[in-house]
Amino acid sequence: MKYDLPDELTVTADGAVRTVLINRPDDLNCVNENLHWALANVWRQLAADQEARVVILSGAGRAFCAGGDLNWITSFLDDSAARDESIREGAQIIEEMLRFPLPVIAAVNGPAVGLGCSVALLSDIMLIAEDAYLSDPHVAVGLVAGDGGAAFWPMLTPIMRSREYLFTGDRIPAATAVELGFASRRVPAADLMSEAATLAGRLAAQPVEALQGTKRVVNMYLSQAMAGPLQAGFAAEVATMRSEDHRRRLLAFREGAT
């Protein structure tokens, strides 16, 4: 099957397994406009692939996805249309991943930050390299963590732990991610993709209807529990996108990163 995607997101086939690769390695796979669109639209294309049974999601190079591209995000400060479209697509990413019928294995090979963290956690199983980490720095740049973190982290780990990491934006090392229940297990970086491929092969051999039906029921619970918090989270994130505090912090952060 031919996929209609920009170069920032690639899909390769190996039998029944599809590997989706976030492909901006020179920019630590930070999310720009093209990649954001691709992450919102790849799932229906994968679901239409009649030969696919399992998806592995990973990043090219040394990062899984280090968050939003600062130039793209900064453009939202003065472009309300682009900002609103990013919010719409952000909601689409979450909705599409929750309804996607095939099992998704996130092979987190490096930093998974912001939206990258959310996408990893929305996967069905996360394998994380020993030197990788998770982080959601929304609050640190003056934003509500509305695109997933505040809505579903409390369902994955105790609320007290969720609050601390969401409020501070601190990194969650691989070992802690497993302890908190965010990741299934940590593996040596050199073995990450082979471990993911082995697991994908096992899942691909499972009875299709039983596996997909089980995922559907689990995600039904998640969708129902997250519906209210997600709607409130996106509305609150939009409000903070317009704030002077966000503008000041984002511009200072971009200046410090250049």
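Numbers below:
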{"item": "Residues satisfying the stated conditions in segment 124-147, i.e. in a loop (DSSP other than H, G, I, E, B) and either of a type outside the set (Gly, Ala, Ser) or buried (at least 21 other Cβ atoms within 10 Å of the Cβ) (or both)", "result": "Asp124, Glu130, Asp131, Ala132, Asp136, Pro137, His138, Leu143, Val144, Ala145, Gly146, Asp147"}
{"item": "Segment 187-214 - residue that is open to solvent by less than 50 Å² (accessible area, probe 1.4 Å) and of a type in the set (A, V, I, L, M, F, W, C) and, of those, nearest to Ala175 (Cα to Cα)", "result": "Val187"}
{"item": "Among (1) among the aliphatic types (A, V, I, L, M); (2) in a helix (DSSP H, G or I); (3) surrounded by 14 or more Cβ atoms within 10 Å (Cβ to Cβ); (4) touching a residue at least 40 places away in the same chain (Cβ under 8 Å) - the single one Ala235 does not satisfy", "result": "(3)"}
{"item": "Some residue of segment 68-90 being out of contact with any Lys or Arg (no Cβ under 7 Å at 6 or more places or on another chain) and in a strand (DSSP E or B)", "result": "yes"}
{"item": "Test for Gly110: is it touching a His at 6+ places or on another chain (Cβ under 8 Å) and of a type outside the set (Val, Ile, Thr)", "result": "no"}
{"item": "From Ala190, Ala150, residue being within 22 Å of Leu250 (Cβ to Cβ) and among the aliphatic types (A, V, I, L, M)", "result": "Ala150"}
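The values are calculated or read from the model by the stated rules, or taken from the named source; none is laboratory data. Here the structure is a predicted model, which is why all the values come from computation and not from measurement. Every residue, glycine among them, receives a Cβ derived from its backbone with ideal geometry; neighbour counts consider all protein chains shown. Heavy atoms of the whole protein, side chains included, go into the accessibility calculation; ligands, DNA and RNA do not. Shrake-Rupley method; radii C 1.70, N 1.55, O 1.52, S 1.80 Å.
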